[in-house]
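Each remark here refers to the structure printed beneath this line.
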């Protein structure tokens with residue numbers, strides 16, 4: 001049995017890379033997200049980064065579990081829902097990373 005990258009795993013990999021780029025490109029002086037500022041105040045920047053990566057990995061586990069649990073006729077709908085969520089998250093993080101890079105260049 002050969003393992004192939006499905007479109008779901010490609011979108012997940014892109015999301016993981018964008019989250020890592022978000023962590024690397026974030027400038028604490030220009031952070032506008034109050035939830036992130038609250039996490040940094042209570043946990044520190046390093047632990048907050050691990051929490052953010054952990055959330056993405058947890059979502060990956062949810063996607064993998066959904067594929068293993070669902071029946072073939074259910075997987076079609078489940079895959080569409082998970083793909084939609086992934087596309088929204090990728091679009092959001094593309095905006096966040098581009099905004100962070102824009103702020104760091106000005």
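The set of residues in the range 1-16 that are surrounded by 10 or more Cβ atoms within 10 Å (Cβ to Cβ) and modelled with pLDDT under 85 comprises 6, 7.
Is it the case, given these coordinates, that residue 101 is touching a helix residue (DSSP H, G or I) at 6+ places or on another chain (Cβ under 8 Å) and at negative phi?
On the way: touching a helix residue (DSSP H, G or I) at 6+ places or on another chain (Cβ under 8 Å): yes; at negative phi: yes.
Yes; evaluated as a whole, the condition is true for this residue.
Every condition in (1) without any contact (Cβ under 8 Å) to a residue 40 or more places away in the chain; (2) surrounded by 10 or more Cβ atoms within 10 Å (Cβ to Cβ) holds for residue 19 except the one numbered (1). The residue pairs whose first member lies in the range 32-55 and is farther than 15 Å from residue 93 by Cβ, whose second member is not in a helix (DSSP H, G or I), and whose beta carbons are closer than 7 Å, counting only pairs six or more residues apart or on different chains, are 37/31.
Suppose we filter 45, 53 for residues that are surrounded by 13 or more Cβ atoms within 10 Å (Cβ to Cβ), closer than 30 Å to residue 28 by Cα and over 17 Å from the mean Cα position of the chain (by Cα); which single one remains? Walk me through how you get there before you give the answer.
Numbers: 53 fails: over 17 Å from the mean Cα position of the chain (by Cα).
One residue alone meets the criteria, 45.
The values are calculated or read from the model by the stated rules, or taken from the named source; none is laboratory data. If you're wondering where the values come from, they're calculated on a predicted model, not measured in any experiment. Reconstructed Cβ throughout: ideal geometry from the backbone, glycine too, with neighbour counts over all protein chains shown.
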